[in-house]
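The values are calculated or read from the model by the stated rules, or taken from the named source; none is laboratory data. Small disclaimer: the values here were computed from a predicted structure and weren't measured. Cβ atoms come from the backbone with ideal geometry, glycine included; neighbour counts cover every protein chain shown. SASA here: full protein model, heavy atoms, side chains in, ligands and nucleic acids out. Shrake-Rupley method; radii C 1.70, N 1.55, O 1.52, S 1.80 Å.
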Amino acid sequence: MAEPRFLVVRNDEDQYSIWSAERELPAGWYDAGFAGTREECLAHVDTVWTDMRPRSVREAATA
Amino acid sequence: MTGSPPKEWTFPASYAQERVWIANQLDTGSPVYNVSSPWHFAPGLTREQATGVLTRVVARHEALRTHLRMDDGALVQVVREAGPVDLPVDDLRGLSTPEQQQRLNDLAGELARTPIPLDTPPPWRARLVQLGDADWYLLFVAHHAVFDSHSVLLFDREVAEISRAVLAGTEPQLPELSIQYADYAVWQRDQLAGAELDRQLDFWRARLADAPPVTALPLDRPRPAQLGFAGDEVHFTLPEGLLDRVNALATASSATGFMVLLSAYAALLGRICGTGDLVVGVSTAGRDRAELADLIGMFVNPVALRCDLSGDPTFAELLERVKRDLVDAMDHGQTPFQRIVEAVAPHRDPSVQPVFQAAFNFIPDSGIDPVLLGTTKDDLAFDVTAQTSRLLYRTALFDRRTAEAIVDRYVRLLAGAVADPGQRLSELPLLADAERDLVLRTWNDTAHPVAGSTVTARIEQQVAATPDATALVCDGVQLSYARLNAAANRLARVLVGRGAGPETRVALVVPRSVELVVAILAVLKSGAAYVPVDTGYPAARIGYLLDDAEPALVLATRATAALVPADALLVDAEEAGSLLRVDADASTGPEHDLTDADRRAPLDPAHPAYVIYTSGSTGRPKGVVVEHRSVDAYLAWARATYPGLAGTALLHSPVAFDLTVTGLLGPLTAGGTVRLAGIDESTARAGGRPDFLKVTPSHLPLLDGDLSPTTDLVIGGEALTAEMLAEWRAAHPDVAVINEYGPTEATVGCVAARIAPGAELPAGPVTIGTPVWNVEAYLLDAALRPVPPGVVGELYVAGDQVARGYLRRPALTAERFLPCPFGAPGRRMYRTGDLARWRADGTLDYLGRADQQVKVRGMRIELGEIESTLLALPGVREAVVTVRTDDGEPALVAYVVGEADSGTLTAELARTLPAHLVPSAIVGLDALPLTPNGKLDRAALPAPTGGVPAGAGYVAPRTDAEALVAEVFAEILKVEKVGALDDFFVLGGNSLRGMRAMSRIRAEVEVDLPMRALFSHPVVADLAAQIEALIAAEVDGLSEAEVAALLAAEEGNET
């Protein structure tokens, strides 16, 4: 059986997570443009989520 | 009346008779195997004629003249010659029609519920009820060992035809019976033997290899040590048209309606048990040969259907799998089920029905049994018909409400599946809209307005409100809010100067002291997050934490300086000493609160307040980043819930553990006093009992009269049982106990239950209650769908208390903090990894870690259940049960503190718990080992010394009873030497051999030793003790004269 597919997803606070490619994405979450196995997705999150501050905190700091 | 005794012939029992007989031995006093077949005669018969009809049917079928008997260790059927039957009559002619009906129902029920012993003829009970002068009603109940559901149809047909013929004065037209039941039994024994039986058993061994021995049904109660037949049934009717749609899907899929109904049942079980692999019991009529079609008898054979639900298939795919597997299984449907049991589950556990516990029958045309017997053979069994269907359930395991809910879910899921068979099993509707609303919204209706703030601001507000109140007592020092705040402000300015600010971290390697509290407040005031490090940790671990946290600054003391980098700030050193000295003059820096202008960046509630490291079961410790808004939300709830926080709180645990947030930041935002002292230090007791105390369950035995709080005792960190609390509550009846659940990732405590003073607390695990303010708790299955009340799910937490994530661990954060499909868009929920279930009242039961699912011999074990049972025994003060794999195989080991000896405890547990829950070793300890956080230190529990008692070498039989049992076991099992500690089933015994062994023992000691005694006491010494107890009980039942006579006889023997 093929390994289940996941998506890397992101919310408005630029917080990342992963979600089954088979399931409907909850409201307020967007496809971050990467799909793969669970492990691949998590590895991808490690490379793209370099600033873990929520977007609102980050923007307030640079304002 | 005189005359020669009736002639009898003996034949081997059929396999089906053997199976029913063995099962019946579990409780011979139960009517579970009674089959009712009532008949209302056409009017016009005399009493003699009505009786004659039954005489004739009985004469035609040997099965109705058969009883069973153990003969030389083998079960035989004894067929008696035909003769006239005698029917008692109940004359109801004087009653009105409704009265007659009522009385008839009562008589039918009474007869149906009267057990029929199999060892005495006849195997049925019958009465004639007279309703009018020539109006007769026959009540007939037969034992299932001679009468199956097809026999009911045959019986009706023959009674109808014979009475028709009697009324018409003609000969009845009945089919010629070419063979009798006993012929079939002989033929079957011949056919299904040797190589053919082996071939069939090989099929079943392969088919059932590694199948789960127990289907993890969501039980309302733990399994009792002994399964009885006590049951009840829920009746229901499939909605109009549903069966037609089932049949339409069947036709379109080249399947049968039965397969569709069965697939839906498997899908339901998979969802409510959370498994993709289960075994369902179905049955075959066993009458595929033409000569059996007209024979009354017992032909039914259970068939175990292994259902593969893996990979979340669509319902249509599942139907294909069920079709394929059912055809395969039915091809081997004649393999005697008892033989399959012996082949795949020889170690019979009397608390669990072997091979399958959930059964399914589709009997579209015949109705269900008209009489409620109050019994069941299976844990759950559906009988679906075109009219009234029913779910039979075991009342020892399920409440009626649960059984009703299972019926509702079955019908809903079935309707959803046939409406759209392309849906995956995880998508099939299980919950009613109202139930979904209940678990997602009603039970999570926690909204409570809290003005988002920083913890810093809250504390400073409290300082302004109560400047002179005592904030901190430690090592004989008392600090007012004003003085504590001033010291913290001075230190905060130093920290800011050294780089601390929002989104940075300051590590605290500071022992419990005034300085520690000042330092925590100072870090919060600087806007940085504090990272508490337990100074008791090994240097290597401290090094790891300081490295991983990447702190802007490390604070230490002279005592801990060696553990930290050289550039750390020593808060008790000369240079910093003035910071803390409360009589400092103005030259040491301003004492007023810092503003955003003083900080490196403005402080926001979304900034982290602390980073607390937790070590999971796997991997390196990880820092949980908790924001001010979350801590503030928790503290707001805690202040409202724990009035004791406004008094004195004893803070005794290391601050590296988030449990302490309540006792530290709680009082400081409520105007209370923090008393800082180790639980074993005398200063912990100075100043009288605290108002508030938070502990882990492991601390409970340490709480004496001086330490016990007067207002709130909060318990967190580990699972709690009523037994652990009983003693303390009895001694402190006026104090509330709060069971607080919460992973660090959801900020201290996110679900809690308040046990009011004096409130009754049922035995067993204590509920963790309901989610706190602005927190939602979701119990979800693997597909992240809400599970129904009563069903085990994984606990997810959403809302204000969800942490930001793991420090510098994006992948781990993404894995544990998931998009939340419920509530406001874009939020996250934390996957706790804990299992829980909703109780019917909307409170949660905590059931342990999902990744530490304890399984022994394939059965899911709830360790808390065993611990509760141990704690309820005299001489046990503390108890912990773990699974150890010291010898490779997982084994349950119990650790107890108390006077009780392990032999007695093992015997007591064996009496009350199912066999698989009895630990293989019980180790006595002086005290349970604890971690610095006060939690049980599982790694420090010693391996049990010495072998497992049951496997511990040869012990010669010590009593006459032991010698007898050992001798019988040795003979039956063909084993040379059997000792007092040997187990019948471990030596190779099975039910059939057990039957022989028990019949031998019964013959020797002449006591009525039930078959089930062997299942519950398979060890020689235990069974011998049972026999001695029975003999003693019989002696007690004798009159004095009888005892005297017995003794005289004994004496006579001796002389």
(request) Leaving ligands, DNA and RNA out of it, work out the accessible area of B:Asp399 with a 1.4 Å probe and give it in Å² to the nearest 10. (result) 60
(request) Over the protein assembly as shown, with every protein chain in place, what whole percent of the accessible area is carbon and sulfur at 1.4 Å, could you tell me? (result) 51
(message) As an exercise, find the ratio Rg/Rh for the range B:640-740 from alpha-carbon atoms, using the Kirkwood inverse-distance average for Rh.
(response) 0.92
(request) Would you calculate a helix-derived [θ] at 222 nm for the protein assembly as shown, using -39,500 (n - 2.57) for each DSSP H run of n ≥ 4 and dividing by the full residue count, to the nearest 500? (result) -10500 deg cm²/dmol
(request) Just name one of B:Gly94, B:Leu243, B:Leu219: the one whose Cα is farthest towards the positive end of the charge dipole of chain B (beta-carbon charges, Lys/Arg +1, Asp/Glu -1). (result) B:Leu243
(request) Compute the distance in nm between two label points, each set 7 Å from the Cα along the Cα-to-Cβ direction, one at B:Ala731 and one at B:Lys977. (result) 5.2
(message) What three numbers, in Å, describe the spread of the alpha carbons of the range B:934-1025 along their principal axes, ordered from the longest?
(response) 58, 25, 23
(message) Placing unit charges on C-beta atoms (Lys and Arg positive, Asp and Glu negative, everything else neutral), compute the dipole magnitude of the protein assembly as shown about its Cα centre in debye, rounded to 20.
(response) 2520
(request) Once you have the Kirkwood Rh of the range B:17-108 from its Cα pairs, apply Stokes-Einstein at 25 °C and 0.890 mPa s and quote D in µm²/s. (result) 149
(request) Using +1 at the Cβ of each Lys and Arg and -1 at the Cβ of each Asp and Glu in the range B:433-486, identify which of B:His448, B:Thr466, B:Val477 lies farthest towards the dipole's positive end. (result) B:Val477
(message) Please give the charge dipole size of the range B:419-534, origin at the Cα centre, charges +1 on K and R Cβ atoms and -1 on D and E Cβ atoms. Round to the nearest 20 debye.
(response) 760
(message) Across the protein assembly as shown, what fraction of all alpha-carbon pairs, as a whole percent, falls in each successive 20 Å bin from zero upward?
(response) 10, 33, 31, 18, 7, 1, 0
(request) Taking the dipole about the Cα centre of the protein assembly as shown, with the C-beta of Lys and Arg at +1 and of Asp and Glu at -1, give me whichever of B:Ala126, B:Pro5, B:His592 is farthest to the positive side. (result) B:His592
(message) How large is the Rg to Rh ratio of the range B:140-232 when both quantities use alpha carbon positions and Rh follows Kirkwood?
(response) 1.16
(request) Give me the Kirkwood hydrodynamic radius of the range B:684-791, using the inverse of the mean 1/r over all pairs of distinct Cα atoms, in Å to one decimal. (result) 15.1
(message) Give me the mean projected area, in nm² to one decimal, of the convex hull enclosing the Cα positions of the range B:862-947.
(response) 5.6
(request) Anything over 29 Å Cα to Cα? Flag those among B:Lys323/B:Lys377; B:Lys525/B:Lys622; B:Lys525/B:Lys694, in the order listed. (result) none
(request) Would you please state the base-10 log of I(q)/I(0) at q = 0.10, 0.14, 0.16, 0.20 1/Å for the range B:49-161, with intensities from the Debye formula using one equal scatterer on every alpha carbon? (result) -0.33, -0.63, -0.79, -1.14
(request) Mind grabbing the base-10 log of I(q)/I(0) for the range B:278-423 at q = 0.19, 0.20 Å⁻¹? Debye formula, identical points on the C-alpha positions, no solvent, two decimal places. (result) -1.50, -1.57
(request) Kindly rank B:52-65, B:897-910 from highest to lowest mean number of other beta carbons found within 10 Å of each residue. (result) B:52-65, B:897-910
(message) Placing unit charges on C-beta atoms (Lys and Arg positive, Asp and Glu negative, everything else neutral), compute the dipole magnitude of chain B about its Cα centre in debye, rounded to 20.
(response) 2860
(request) Report, ordered by chain and residue number, the lysines lying within cross-link reach of B:Lys977, taken as a straight Cα distance under 24 Å and ignoring same-chain residues fewer than 8 apart. (result) none
(request) Ignore the peptide's own chain and count Cβ atoms of other chains within 10 Å of each Cβ in A:24-37; give me the average, rounded. (result) 3
(request) Can you tell me the 0 to 90 degree angle between the C-alpha axis of helix B:960-973 and the longest principal axis of chain B, rounded to 10? (result) 70
(message) P(r) for the range B:247-363, please, calculated from all Cα pair distances in 5 Å bins and given in %.
(response) 2, 11, 19, 21, 19, 15, 8, 4, 1, 0
(message) I need to check one value: relative contact order of chain B, counting alpha carbon pairs closer than 8 Å and at least 6 residues apart, in percent.
(response) 9
(request) May I ask you to give the solvent-accessible area per residue for the range B:341-416, in square angstrom, as obtained with a 1.4 angstrom probe? (result) 32
(request) For the range B:389-522, count the residues as N, evaluate 2.2 N^0.38 Å, and divide the Cα radius of gyration by that value, please. (result) 2.05
(request) Please average, across the residues of B:792-805, the number of beta carbons from any other chain that are within 10 Å of each residue's own beta carbon, and give a whole number. (result) 1
(request) Would you mind giving the mean number of other chain beta-carbons within 10 Å of the Cβ of each residue in B:601-610, as a whole number? (result) 2
(message) What's the total accessible area buried between chains B and A, using a 1.4 Å probe, rounded to the nearest 100 Å²?
(response) 2000
(request) Using label points projected 7 Å from each Cα along Cα→Cβ, tell me how many nm separate B:Arg205 and B:Ala956, to one decimal. (result) 3.8
(request) Calculate the translational D of chain B in whole µm² s⁻¹ from Stokes-Einstein, where the hydrodynamic radius comes from the Kirkwood formula applied to all Cα pairs, the temperature is 10 °C and the viscosity 1.306 mPa s. (result) 47
(message) Just to confirm the number: angle between the C-alpha axis of helix B:1020-1036 and the first principal axis of chain B, 0 to 90 degrees, nearest 10?
(response) 70
(request) Take the Cα pairs of the range B:156-198, get the Kirkwood Rh, then feed it into Stokes-Einstein at 4 °C and 1.567 mPa s and tell me D in µm²/s. (result) 99
(message) Kirkwood Rh and Cα-based Rg: tell me the resulting Rg over Rh for chain A, rounded to two decimals.
(response) 1.05
